[in-house]
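Everything below concerns the one structure shown next.
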Amino acid sequence: MSHPIRYLGTLLCAALLAACAPGAPAATGQPTPADLPPTAVPLPPTQPAGGDTVVARVNGQPITLTAYQRELARRRLVMGGGDPALLEAETLDQLIEQQLILQGAAAENITVSEAAVQAELAASIELAGGQAAWDAWLAANLYTPEEFVEALRGTLVTNAVRDALTSDLDGPVPQVHARHILVRTEAEAQSVLASLQSGGDFAQLAQQLSLDETTRAQGGDLGWFAREELLAPELAGLAFSLAAGQIGGPVGTALGYHIVQTLEADSRPVEPERLAYIAQVRLENWLRQQWAKALVERLS
């Protein structure tokens, strides 16, 4: 798949929520700075009507210095160190991403009721052991009650977006069972293809030549997969375009050149552990689209 979006994994204190809120989402990715070039317009800091300095705007929505400093303090508490400049940049990007999710959800009429937020909050308080213990947890983790509710709301909105993006996965999903041989150069791939066309055994050639250590011993077998599950979309596209038994390629990816054989194709239910991965990929792709079309102003 494509690299994860920057801070989906740490979105709205997911690491902290996991310790106290049932059903909090698990981390889904790590920072990958090369992926995102959001539209960035550097402008001088400004003062909103309330008097707090604005450090960024997302489609006109301000992010204040106070909100940034509070989030930075929480991230320092969780991370326990690291490069200060990098942490500061990551924190601002995380806040920008939070706004992109909220705005994107609103544009698609994806909402979370106040009753749902309050129910999750009540469950968190109960899990903590009561109001006094909850208040102590908030203070230890640098949250005001209002900040935590907004963080919780953001997490629930993110979950609602994910659920909307995966609503078609409740039943059978188109999948293929395929195998591949990965080599370094196109010339090597053409040589492998010629060997196969001359009657060579696919599994044996994969075991002898493939650079993919995870599938080589199994003759290049990738198993059953849905389109989003492969790291390389080009490889998935080729596998889904082939008829059962057909060999295709070479196709180039960041890993090298692949020869692919589709063994079977069918619509099948997706196991829960695979469903979670597909949901993650779809959410990341959706968020990438929000970055691409947003006007993001980082104010220095």
Inset, instruction - Take Ala105 and decide whether it is in contact with a Cys (Cβ under 6 Å, 6 or more places away or on another chain) and either surrounded by 15 or more Cβ atoms within 10 Å (Cβ to Cβ) or not assigned by TED's automatic domain parsing to the domain that holds Thr53 (or both). - result: no
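Table: residues versus (1) at pLDDT 95 or above; (2) in contact with a helix residue (DSSP H, G or I) (Cβ under 6 Å, 6 or more places away or on another chain); (3) among the hydroxyl-bearing types (Ser, Thr, Tyr).
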residue: Ile110; (1), (2), (3): yes, yes, no
residue: Ser113; (1), (2), (3): yes, no, yes
residue: Glu126; (1), (2), (3): yes, no, no
residue: Ala139; (1), (2), (3): yes, no, no
residue: Leu142; (1), (2), (3): yes, yes, no
residue: Ala151; (1), (2), (3): yes, yes, no
residue: Val161; (1), (2), (3): yes, yes, no
residue: Gly171; (1), (2), (3): no, no, no
residue: Ser191; (1), (2), (3): yes, no, yes
Legend entry - Tally of residues being of a type in the set (S, T, N, Q) and under 16 Å from Leu275 (Cβ atoms) across the stretch 137-184: 4
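Is it the case, given these coordinates, that Leu182 is surrounded by 18 or more Cβ atoms within 10 Å (Cβ to Cβ) and in the same structural domain as Arg288 (by TED's automatic domain parsing)? Please lay out each step first, then the result.
Numbers: surrounded by 18 or more Cβ atoms within 10 Å (Cβ to Cβ): yes; in the same structural domain as Arg288 (by TED's automatic domain parsing): no.
Answer is no for this residue.
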Legend entry - Single residue of the stretch 252-279 satisfying the filter (more than 20 Å from Gly237 (Cβ to Cβ) and not aliphatic (A, V, I, L, M)) that is farthest from the chain's Cα centre (by Cα): Pro269
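Please enumerate the residues belonging to the stretch 132-147 that are assigned to a loop (DSSP other than H, G, I, E, B) and surrounded by 12 or more Cβ atoms within 10 Å (Cβ to Cβ). Explain how you work it out, then say what you get.
The first filter runs over the stretch 132-147 and keeps only residues assigned to a loop (DSSP other than H, G, I, E, B), leaving 141-144.
Of everything in the stretch 132-147, those that are assigned to a loop (DSSP other than H, G, I, E, B) and surrounded by 12 or more Cβ atoms within 10 Å (Cβ to Cβ) turn out to be Asn141, Leu142, Tyr143.
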Inset, instruction - Restrict the check to the stretch 48-55 and report whether at least one residue is part of a helix (DSSP H, G or I) and either touching a residue at least 60 places away in the same chain (Cβ under 8 Å) or among the aliphatic types (A, V, I, L, M) (or both). - result: no
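Looking only at the stretch 213-221, decide whether some residue is closer than 30 Å to Glu108 by Cβ and crowded, with 18+ Cβ neighbours inside 10 Å.
First, pick out the residues of the stretch 213-221 that are closer than 30 Å to Glu108 by Cβ: none.
No, the stretch 213-221 contains no residue that is closer than 30 Å to Glu108 by Cβ and crowded, with 18+ Cβ neighbours inside 10 Å.
The values are calculated or read from the model by the stated rules, or taken from the named source; none is laboratory data. Please read all numbers here as calculations on a predicted model, not as lab measurements. Please note: Cβ atoms are built from the backbone with ideal geometry, for glycine as well, and neighbour counts cover all protein chains shown.
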